[in-house]
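K.L.:
Let me give you the structure first, and then I'll get to my questions.
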Amino acid sequence: MGTDGASGAADSGADGVRSGTDGIRSGTDGRGRRGPVVAALMLAMALAALDATIVSTAIPQIVGDLGGFSVFSWLFSGYLLAVTVTLPIYGKLSDTFGRKPVLIAGSILFLIGSALCAVAWNMGALIAFRVVQGLGGGALQGTVQTLAADLYPLKERPKIQAKLSTVWAASSIAGPALGGLIAAYADWRWIFLINLPIGAVALWLIVRHLHEPEREQATRGRTDWAGALAVFACGGVLLTALVQGGVAWGWLSAPSFALFAGALVLGAAVLVTERRAAEPIIPGWVWRRRTIAAVNLALGALGLLMVAPTVFLPTYAQSVLGLAPIAAGFVLSVMTLSWPVSAALSQHVYRRLGFRDTALIGIGGAALFLFAFPFLPYPGQAWQPALIMLLLGAALGLFQLPLIVGVQSTVGWSERGTATASVLFCRQIGQTLGAALFGAVANSVLTSRLGGAGSLDAVAHALEDPNSIADPERLRRAVDSAVDTVYVGAGCAAVIALLVLVFLAPRRFPVIGAEAPENGEVGALESRENTELTPHEGHMNRPAE
């Protein structure tokens with residue numbers, strides 16, 4: 001790993017030994033009491049996943065009640081921005097003050113935002129309250145993933161991560177359907193009110209059953225609030241430019257130039273502030289250690305490629321295959337069936353091959369399946385893209401989970417929140433970049449195919465009213481070409497991830513704390529060994545590269 005990586009591993013190991021006082025207990029009677037805490041984590045994950053999608057199908061009712069059609073997209077963008085830019089901040093805070101207070105504060109903020117959304121009096125207020133929800137949602141996403149690693153030793157982490165992946169996938173798919181049902185048979189405000197009892201149960205379970213020993217004030221250091229503000233401002237401006245560019249204004253317009261210039265200036269301010277801080281929000285070791293830097297870049301590419309199936313496949317299924325919205329959702333949902341299963345089984349592969357090589361197999365398969373999509377016959381049958389999505393989900397389960405578990409296993413308790421947040425942050429940034437990049441690509445292809453009269457907005461309008469377009473067959477072929485091009489781009493993103501792992505990631509991750517903790521204590525037994533699990537002996541005696 002080089003000098004910095006080796007010292008980082010040693011430092012993490014030291015933190016792990018010190019964390020005999022930092023260890024997390026899920027109840028007073030040890031490991032058997034983890035169940036309520038795991039239930040709380042799954043409920044919190046469901047809330048975060050549902051809220052990202054549940055609003056989509058209720059937009060007509062919301063706009064009809066509150067108005068503000070021209071800015072309703074900020075109901076999604078505002079939430080996404082708030083979640084993304086707060087991830088590294090909450091990660092550092094959880095390492096400084098502990099997971100429990102951060103998760104409790106985030107849950108309370110999320111529930112306050114939900115209650116405020118339910119009483120919003122106009123679109124501007126609803127957007128502002130969605131941002132408040134997102135500020136809490138960032139704590140839910142990052143801290144839940146970190147606690148999952150705290151609660152389980154290395155050998156058991158695939159089980160809890162597979163459960164969380166299943167909850168996320170199921171909630172993401174069920175969100176639009178649930179939102180549509182509530183909007184059709186009740187007031188849209190119940191979309192936000194249902195968060196309150198679910199979140200209250202999760203909050204009670206955390207308060208009642210999750211116990212973290214007191215940390216000495218001397219070990220905490222000073223909180224880098226200036227850095228947190230700089231990161232928040234820079235991330236907010238940059239993501240606003242990416243989310244709204246090509247939508248609210250052109251990429252070469254004055255607002256785009258102003259926002260990107262502002263992001264550049266704020267980025268420089270982040271670098272200056274973080275270099276001076278004793279305990280920076282985004283510490284330099286996140287990018288100096290080969291393992292974490294490589295995984296951050298690889299999962300950024302994952303976020304990029306995930307835009308193809310999640311954003312463009314439903315449009316393809318409806319306009320090219322002629323499926324109803326529910327059937328189109330099923331074509332996408334099969335990916336969420338194979339992903340958690342593959343993730344749960346990945347431990348049997350990486351115990352033999354290692355984290356990196358397992359991820360290489362997964363992303364290599366994903367690249368092949370993505371590049372295969374343009375070769376589907378036109379117009380084809382629904383089972384054909386569904387089969388590709390099933391295989392893609394299996395491949396990505398082998399790719400993502402070993403990398404997340406691997407990174408969490410290379411750091412001690414006091415660095416795990418920051419490391420986990422950096423991974424999730426890069427994945428979110430990749431997804432935002434992908435939406436902007438592939439949206440521009442798809443619009444360009446549609447425009448060329450339809451003679452300047454086509455765009456994604458026109459396609460969406462045509463799906464709602466097929467009679468509004470004179471040549472539906474021409475539209476179908478244009479959408480087919482646009483989505484094919486997007487999938488080729490997604491395949492290229494998968495190749496980038498593969499190259500990052502081959503050339504930047506060490507062949508063996510420097511795992512610490514591979515032994516199972518005693519008596520339900522998490523973090524109590526973390527070794528300094530620079531090793532990775534192998535099938536027979538649990539450790540390799542060979543040091544990491």
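What follows draws every value from the coordinates through simple rules; no lab data is involved. Every value quoted in this text rests on a predicted model; they were computed, and no experiment measured them. When we count neighbours, we look across all protein chains shown, and the Cβ atoms used for this are built from the backbone with ideal geometry, even at glycine.
K.L.:
For region 253-296, what log10 I(q)/I(0) values come out of the Debye formula at q = 0.14, 0.20, 0.25 1/Å, with one point per alpha carbon and no solvent?
P.N.:
The Debye formula, applied to the Cα set alone, gives -0.48, -0.74, -0.85.
K.L.:
Mind checking the full-extension length gain between LYS159 and SER448? Use 0.36 nm per residue of separation minus the Cα-Cα distance, one decimal, nm.
P.N.:
Value of the extension gain: 99.3 nm.
K.L.:
Efficiency by 1/(1 + (r/R0)^6): what FRET value for LEU252 and ARG288, r their Cβ-Cβ distance, R0 = 45 Å, to the nearest 0.05?
P.N.:
That pair, LEU252 with ARG288, gives E of 0.80.
K.L.:
Separate question: ALA226 to VAL441: extension gain in nm, 0.36 nm per residue of separation minus the Cα-Cα distance?
P.N.:
73.6 nm
K.L.:
Okay, moving on. Apply 1/(1 + (r/R0)^6) to the Cβ-Cβ distance of ALA184 and ALA128, taking R0 = 35 Å, and write down the FRET efficiency to the nearest 0.05.
P.N.:
0.85
K.L.:
Same structure again: Starting at the first residue of region 38-44, write each ³J(HN,Hα) from the Karplus equation 6.51 cos²θ - 1.76 cosθ + 1.60 with θ = phi - 60°, in whole Hz, x for Gly and Pro.
P.N.:
4, 4, 5, 5, 5, 5, 5
K.L.:
Please list, by residue number, every one of the chymotrypsin sites (Phe, Trp or Tyr not before Pro) in region 84-137 that is coil in DSSP and has at most 14 other beta-carbon atoms within 10 Å.
P.N.:
Those that pass, being in a loop and sparsely packed, are TRP121.
K.L.:
Related question: What are the ³J(HN,Hα) values, in whole Hz, obtained from phi via the Karplus relation 6.51 cos²θ - 1.76 cosθ + 1.60 with θ = phi - 60°, for each residue of region 496-506 in sequence order, with x given for Gly and Pro?
P.N.:
Karplus-based 3J(HN,Hα) across region 496-506 equals 4, 4, 4, 5, 4, 5, 5, 9, 10, 6, x Hz.
K.L.:
Moving to a separate point now. Check cross-link reach from LYS155 to the lysines: straight Cα distance under 19 Å, and skip same-chain residues fewer than eight apart.
P.N.:
Of all the lysines, those that pass the test against LYS155 - Cα under 19 Å, at least 8 places apart if same chain - are LYS163.
K.L.:
When the dipole is taken about the Cα centre of region 26-211, and only Lys, Arg (+1) and Asp, Glu (-1) are charged at their Cβ, what size is it in debye, to the nearest 20?
P.N.:
640 debye
K.L.:
Taking R0 as 56 Å, what's the FRET efficiency between GLU279 and TRP121 from their Cβ-Cβ distance, rounded to 0.05?
P.N.:
Rounded to the nearest 0.05, the efficiency is 0.85.
K.L.:
Just the number, please: Stokes-Einstein D of region 26-211 in µm²/s, Kirkwood Rh from C-alpha pairs, 20 °C, 1.002 mPa s.
P.N.:
128 µm²/s
K.L.:
A further question follows. Give me, ordered by chain and number, the residues 5 or more places off VAL511 or on other chains with an amide H under 5 Å from its own placed amide H.
P.N.:
THR531, GLU532
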